[in-house]
Amino acid sequence: LAAQIPGSVLVNSLQEFEHAQADPAVDYVAVGPVFGSPDEVAGPTGLELVAAAAERAPIDDPRSKPWFSLSGVDADNLDDVLEAGARRVGMAAAVTQAPDPRAAARELVIDVNRAWRLDARSDLANLQAFSGRPLRPPVGS
C-alpha cells in the first residue's frame with residue numbers, strides 16, 4: 001500500500017531507508033514488512049531494521065522524515081516494535097481481521113499512545129509537527 005501513495009516509499013533494508021531519507025521526492029517512509037504477512041512478497045525485515053531506522057531518523061530530529069513500521073505487526077508483537085524504537089505503526093490486518101475491529105483498534109492506539117507519552121522526545125516532535133518549523137531541544141537534554 002505505501003508504494004502506491006505519492007510521496008511514500010516502502011523500504012526493506014537500511015541502505016534503502018537511508019536513501020529514502022535523503023530523497024527530496026519522499027515525504028515519508030514505510031519500513032517493512034517487519035514480520036511479514038501472507039500477502040507479502042518480500043521476507044520479513046525484522047526488528048533490527050526498525051531499531052536502525054529509529055537510531056538514524058529519531059522522531060525529534062527535524063531533518064528526519066516520518067517513518068512507519070508495518071506488516072505483520074499486531075497486539076502480540078506491538079510491544080517489541082515499540083521497544084525497538086518505532087512510534088508510528090501500521091496495523092491494518094490486526095484491526096480488520098480482529099473479531100471486534102473497534103476494540104482491537106482502541107487497544108492498539110492505547111499502546112502506541114503510551115509509547116509516545118513515555119518517550120521524552122515526543123513533546124519536541126509534536127511541537128515541531130504542529131508549529132511547521134524545526135525546534136531545538138532544551139540545552140542539556
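Read the figures in this text as sums done on the coordinates, not as results from a lab. All values reported here derive from a predicted model rather than from experimental measurement. Because the Cβ atoms are built from the backbone with ideal geometry, glycine has one as well, and the counts that use them run over all protein chains shown.
Show the residues, 5+ positions off or on another chain, whose built amide H is closer than 5 Å to the amide H of TRP67.
Excluding prolines and chain starts, which carry no amide H, the hits are VAL29.
Hey, quick one: spin label on ASP123, modelled 7 Å out along Cα-Cβ, who in region 56-92 has an amide N within reach, i.e. under 15 Å?
60
Need the full-extension length gain, ARG88 to HIS19, defined as separation in residues times 0.36 nm minus the C-alpha distance. One decimal, nm.
Values: separation 69, 0.36 × 69 = 24.84 nm, distance 1.95 nm.
Working it through step by step, the gained length comes to 22.9 nm.
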